[in-house]
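One structure is given below, encoded as structure tokens.
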Amino acid sequence: MLKEKLLELREQAFEHISSADGLKALQEVHVRFLGKKGPITEVLKGMGKLSAEERPVIGQLANDVRKMIATKIEEKRTYLENKLLETKLESEKVDVTLPGRKSETGNHHLLGSIIREVEDLFIGLGFSIEEGPEVEQDYYNFEALNLPKDHPARDMQDSFYITDDLLMRTHTSPVQAHTLEKHKGVGPVKVICPGKVYRRDNDDATHSHQFMQIEGLYVDHNVRLSDLKGILTVFAKHMFGADREIRLRPSFFPFTEPSVEMDISCFRCGGHGCSVCKGTGWIEILGAGMVHPNVLRMSGFDPSEYTGFAFGMGPERIAMLKYGIEDIRNFYTDDIRFLKQFNRA
Amino acid sequence: MLVSYKWLKEYVDLSGVTPEQLADKITNAGIEVEHINYPGEGLKGIVIGEVLTCEPHPDSDHLHVCQVNLGSETVQIVCGAPNVAAGQKVPVATNGARIAGNVKIRRSKFRGVESNGMLCALSELGVDKALAPYEDGIYVFDDEVPVGEDALPYLNLDDAILDLDILVNSAHCMNMIGVAYEVSAILDRPVQIKEPVVEETDQETAEKVRITVDAEDKVPYYSARMMTGIKILPSPRWMQLRLIAAGVRPISNVVDISNYVMLEYGQPLHTFDYDKFGSNHVSVRFAGDNEELTTLDGKKRALNAHDLLITNGHKGVALAGVMGGQNTEVSASTESVLLEAAVFDPMTIRKTAARLSLRSDASSRYEKGIDRNRVARAADRAAELLTKFAHARVLKGIVEKGKRTVPEHKITMPWQKINQVLGSDLTCEQITGTLKRLNFSVTGEGEIMHVSVPARRFDVTIPEDLVEEVGRIFGYNHILATLPEGTSSHAALTPYQKMRRRVELLMESIGLSQVYTYSLTTKENASSYAVETRDTAPTQVIWPMSEEHGALRQSIVPQLLNVVQYHLNRQMPNVKFYEIGKVFLPVSGDPRPAEEEHLAGIITGKRTERNWEGESTDVDFFSAKGMVETLFDALAVSDQIDYQPSKREGMHPGQTADILFNGRVIGYVGALHPKVQANHGLNETYVFEIAIESLLRHGEPAIDYHILPRFPSTTRDIALVVKRTVAASDLNRVIKENGSPLLKSVRLFDVYEGDHVADDEKSMAFSLVYFDPERTLTDDEVNAIHEKIVSACAEQFGAELRG
């Protein structure tokens, strides 16, 4: 009798479990069949009336039924929980193609990036970075660079004078003179000097009354023009690509002797001739030379013991060539649509 | 300097070297050939024709009908030139020819008369009208030319003109002989220059001319030659064509010869009409302060005591080395000529030419320097040509003051120095050989070489100049690239440079874009928005190019306003910028301003752009302030920074704070004054500027490591009701002072004004964190401190705990 009852309870429980449609209903099934006042407990309570032979058999059966129901309930619970989670996840679904919340960042100015790149390259080559005043004494801007007061080359550099003796520096070369003086005649001096310079020009597509310059100076025993060529080759390859070749052409600057212009093989056409290099295969990049003995002497270095090279370049020119920028004023108009294009520069 | 390839061939053998190759070689040896001009480019079918007959056109009052012999045939050509006449030999554009401007000449009819070509003026063959002589009609050959042949070679229209960019150190190439020496060295071919031969009469020049020089140091040499019997005529065709090639307009034989010799020898010459000279005394002196001279161009020039003047002993007749005077100008009636060949001080000439804005071919040569040893030879060359082409009779001898020649400059140096400086490996023979190619004489004594430099190369004075000469002629492309072998050195950014880069990165990471603006601004803007206003006037430049760039900025902010305005005008209202750059602060009693590096920022428009989630928010005072606070946190100086309300010109009086670093004002942050915004057409805009140099000078902040806490901290919130006038920073300070040392942090998280708080009061809620690294704090301990804080706030600000 009891046996049939247990089996029937089991069937009933299974039916309820399978029809329970939620965790709450399932919990009710659990209480109803497995609770302290549930029918199985009732069956077990009535075991006292059974014979000694029947008692363990029914007892075992009751426990089995109980376990079977519990297991079934657990299975159903897991099932329901997963189902619930699935529903929840489904409801949390977003359009992953919607834009995220970005942090807006600013841009580094292209000129700043070029200067930084040149600085980092030369730091790696053992050059320190020196800076100097933008309002400069005539002596440091001209005289100490072998440009005495009446030198005709001063024509080339019409300047913003503040007094007869003070002016907006026309190049970063005066930093050379300051740096040499600081070293009191003892080398090596190995610096690059980036900064703003000023010329009395009207602003147009190719002229700016204010622009950037980077000057380099290396003074030591036995510095040779071939070393200048080597350092400039490293520079050209770094800035314009590993395939670049350089050539030095004689030129004239009052503060160097010999003086040279450095051309690089055209990075657009590789030297075959195109519009960037005006068909020559070469692009003029910077001026350089061996430091003039007068410059060394005036800054306290003995030219019979020391030689050196110096070079000067314009970051605007480098940027304009490299990216085909048509108007130098772009660098100072600071149009964000211009600046943004060079965020990765 | 325009160099005719055909003319140059007279001095150096150019066979096998095309104009392009020559230009390349000259450029690579140091003088840039800017371009090559081919004057005959595009011309076709131009031959020499002979006008056999020339009859008036039956239906025209100015046209003529000519029968023209073209060698192989005779054709009829209608010509409108007023100077056409029978017997002339002229350039003819034949049927099918192309003349200048790619114009094709075709058989056509003029008022019913057939014409088979065109008789040409030089300008119709591409010669610049300003240079072409006799432009009142067609060009007429004045000498024997073969009829029927291609006319171009006879007009030097088969030439190539190289345009050389002459820098200060290449003045020796401002004449054809100088270029010839240069090209001879480059090509390693000899140079051939004919010495002039002068036939003199028996009459002594000294009878007609005497010279006195007052300023001998400025006039090292002055010479005069005399010619009589001159006939003013056109100069010969070959000379005219060479002048045209060099960009000089032919005028008459005397003027042309003096220009021609200047182009050939580099020696400026001047010809006076002797009969107008007014005396036989050439007196060279400085002008008086009130003296005047009317120069050849018809302009009256006011002179001063720095101008060298050629006089006849009484009045000026020429501005030395710059331009002649009108009173002694050579004209069609000139019969006697006094020829001046002199040396003047470059600087004196330069100053006069610059002051009078009167740069002439002569002055530019004197300024850059001339061959000291070619002066008398140039005068001889002119005398030779005047004899040939102006019927001149040259008087005997030269009257002169000063030294006619100077010794050659000697440089003594070890020949190996050239290898040492170039990093090359040349033999002694290669080095001396290269110098000899330049026509320098070299002698050697073992390690030492003695180089004698001709006077035409006055730019070569020191051993380094010889290094350059060898380097450029030998070719820098033959020098290997090496890396320096000297002392190895270590380099790094200075602490300041490193920190400045960090500030740049930080500004960009919080959304500001870097800009560069101009240091020079208007006088009015120069001192506005300065962090520190000074009584001294802003630093100004003496000759600004424009008002826009007349004074040095004391603040970056005005320039940033312009940048924002620019963007607003182009529909970009939401922008954020920063700049790090120098400002120039005037110093009382010193014309030199103090230079300080500042950081300035500007923000306007939306803080966050409107997106799909909803509305955007605008930037405000606290956006700007948050940026500077972020900066100070990064620099680890926040503890030393205070903010004080401040009133500044151009700033919102209620939304501007001075920034104090250890009690000293180093900057400000705030809203622009609404009036400024209106004037500039700006939206609400916020700016800051900080004298960042003082913050970065110490380099990287020291790092003070603390072991991680092993005990929990206790957090308590506190809401205080105070008068609205109480500043948050004051309350913050009192809380901190009274919570020390266990109170580790104070954070304001709510400010409330409105219901349940009196009209003149506000509630401020702070979150306080207490912590002891050694143990866990008990509630009683924390309560005690907390109460102390509350009562201090009550005492100092009348603060009440909000219930």
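Tabulated data
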read-out	value
Residue within segment A:38-49 that is surrounded by 14 or more Cβ atoms within 10 Å (Cβ to Cβ) and at pLDDT 85 or above present	no
Filtered residues of segment B:607-622 (kept if within 12 Å of chain A (Cβ to nearest Cβ) and surrounded by 15 or more Cβ atoms within 10 Å (Cβ to Cβ))	B:Arg607, B:Thr608, B:Val619
2 or more residues among the charged types (D, E, K, R): qualifying strands (runs of 3 or more DSSP E) within segment A:227-345	A:246-253, A:256-265
Test for A:Met313: is it farther than 19 Å from B:Asn477 by Cα, surrounded by 23 or more Cβ atoms within 10 Å (Cβ to Cβ) and not basic (Lys, Arg)	yes
Scan of segment A:133-151 for residues that are assigned to a loop (DSSP other than H, G, I, E, B) and modelled with pLDDT of 95 or more, ordered by number	A:Pro133, A:Glu134
Residue in segment B:448-461 that is facing another protein chain (nearest Cβ under 7 Å) and touching a residue at least 24 places away in the same chain (Cβ under 8 Å) present	no
For A:Ser113: the one exception among (1) within 13 Å of chain B (Cβ to nearest Cβ); (2) in contact with an Asp or Glu (Cβ under 9 Å, 6 or more places away or on another chain)	(2)
Boolean, B:Glu468 is in a helix (DSSP H, G or I) and facing chain A (nearest Cβ under 10 Å)	yes
Selection from segment B:59-68 of residues that are surrounded by fewer than 18 Cβ atoms within 10 Å (Cβ to Cβ) and within 19 Å of B:Ala151 (Cα to Cα)	B:Gln67
Looking only at segment B:273-295, and only at residues there that are of a type in the set (Ser, Thr, Tyr) and over 36 Å from the mean Cα position of the chain (by Cα), the one that is farthest from B:Thr311 (Cα to Cα)	B:Tyr274
Residues located in segment B:692-702, provided they are part of a loop (DSSP other than H, G, I, E, B) and modelled with pLDDT of 85 or more	B:Ile692
Selection within segment B:24-53 - surrounded by fewer than 20 Cβ atoms within 10 Å (Cβ to Cβ), among the aliphatic types (A, V, I, L, M) and farther than 30 Å from B:Thr434 by Cα	B:Leu52
Qualifying residue in segment B:511-521 (condition: more than 30 Å from A:Asn202 (Cβ to Cβ) and more than 7 Å from chain A (Cβ to nearest Cβ))	no
Residue that is under 30 Å from B:Lys498 (Cα atoms) and touching a helix residue (DSSP H, G or I) at 6+ places or on another chain (Cβ under 7 Å), where the choices are B:Val726, B:Val722, B:Val669	B:Val669
Residue in segment B:28-47 that is farther than 30 Å from B:Ala86 by Cα and basic (Lys, Arg) present	no
Cβ-Cβ under 7 Å pairs, at least 6 apart or on other chains, segment B:585-612 side in the same structural domain as B:Ser527 (by TED's automatic domain parsing) and more than 19 Å from B:Ile510 (Cα to Cα), far side modelled with pLDDT of 95 or more and among the aromatic types (Phe, Trp, Tyr)	B:Pro593/B:Phe584; B:Glu595/B:Phe584
Residue within segment A:328-338 that is touching a residue at least 24 places away in the same chain (Cβ under 8 Å) and more than 11 Å from every other protein chain (Cβ to nearest Cβ) present	yes
Test: residue in segment A:134-150 that is more than 10 Å from every other protein chain (Cβ to nearest Cβ), of a type in the set (Phe, Trp, Tyr) and touching a Ser or Thr at 6+ places or on another chain (Cβ under 9 Å)	yes
Residue ID - surrounded by the fewest Cβ atoms within 10 Å (Cβ to Cβ), chosen from residues in segment A:169-196 that are in a strand (DSSP E or B) and either modelled with pLDDT under 90 or touching a helix residue (DSSP H, G or I) at 6+ places or on another chain (Cβ under 9 Å) (or both)	A:Gly195
Options B:Gln88, B:Gln21, B:Gln76; residue that is modelled with pLDDT of 90 or more, surrounded by fewer than 19 Cβ atoms within 10 Å (Cβ to Cβ) and not assigned by TED's automatic domain parsing to the domain that holds B:Leu164	B:Gln76
Restricting segment B:479-504 to residues that are farther than 25 Å from B:His698 by Cβ, of a type in the set (Ser, Thr, Tyr) and surrounded by fewer than 16 Cβ atoms within 10 Å (Cβ to Cβ), the residue that is nearest to the other protein chains (Cβ to nearest Cβ)	B:Thr487
Exclusive hit being under 35 Å from the mean Cα position of the chain (by Cα) and assigned to a loop (DSSP other than H, G, I, E, B), set B:Leu162, B:Leu157	B:Leu157
Unmet requirement for A:Leu84, which otherwise passes all of (1) free of Cβ contacts under 8 Å to residues at least 60 places away in the same chain; (2) assigned to a helix (DSSP H, G or I)	(1)
Considering residues of segment B:576-591 that are at pLDDT 95 or above and at the interface with another protein chain (Cβ under 10 Å from one of its Cβ atoms) only, the residue farthest from the chain's Cα centre (by Cα)	B:Lys576
Qualifying strands (runs of 3 or more DSSP E) (wholly inside segment B:4-93; at least 3 residues being closer than 30 Å to A:Pro250 by Cα)	B:33-37
Subset of segment B:537-552 that is loosely packed, with under 14 Cβ neighbours inside 10 Å and not charged (D, E, K, R) - its residue that is nearest to the other protein chains (Cβ to nearest Cβ)	B:Ile542
Residue in segment A:215-234 that is crowded, with 19+ Cβ neighbours inside 10 Å and farther than 26 Å from B:Ile462 by Cβ present	no
Within segment B:354-374, tally of residues that are in a loop (DSSP other than H, G, I, E, B), charged (D, E, K, R), more than 18 Å from B:Lys299 (Cα to Cα) and within 12 Å of chain A (Cβ to nearest Cβ)	0
Failed condition for A:Leu89, given (1) assigned to a helix (DSSP H, G or I); (2) within 14 Å of chain B (Cβ to nearest Cβ); (3) without any contact (Cβ under 8 Å) to a residue 40 or more places away in the chain; (4) hydrophobic (A, V, I, L, M, F, W, C)	(2)
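This table checks each residue for (1) without any contact (Cβ under 8 Å) to a residue 60 or more places away in the chain; (2) assigned to a loop (DSSP other than H, G, I, E, B).
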{"site": "B:Ala383", "(1), (2)": "no, no"}
{"site": "B:Leu386", "(1), (2)": "no, no"}
{"site": "B:Phe389", "(1), (2)": "no, no"}
{"site": "B:Glu400", "(1), (2)": "no, no"}
{"site": "B:Thr405", "(1), (2)": "yes, yes"}
{"site": "B:Gln420", "(1), (2)": "yes, no"}
{"site": "B:Leu426", "(1), (2)": "yes, yes"}
{"site": "B:Gly444", "(1), (2)": "yes, no"}
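The values are calculated or read from the model by the stated rules, or taken from the named source; none is laboratory data. What you see is a predicted model, and the numbers here were worked out from it, not measured in a lab. Backbone-built Cβ (ideal geometry, glycine too); neighbour counts: all protein chains shown.
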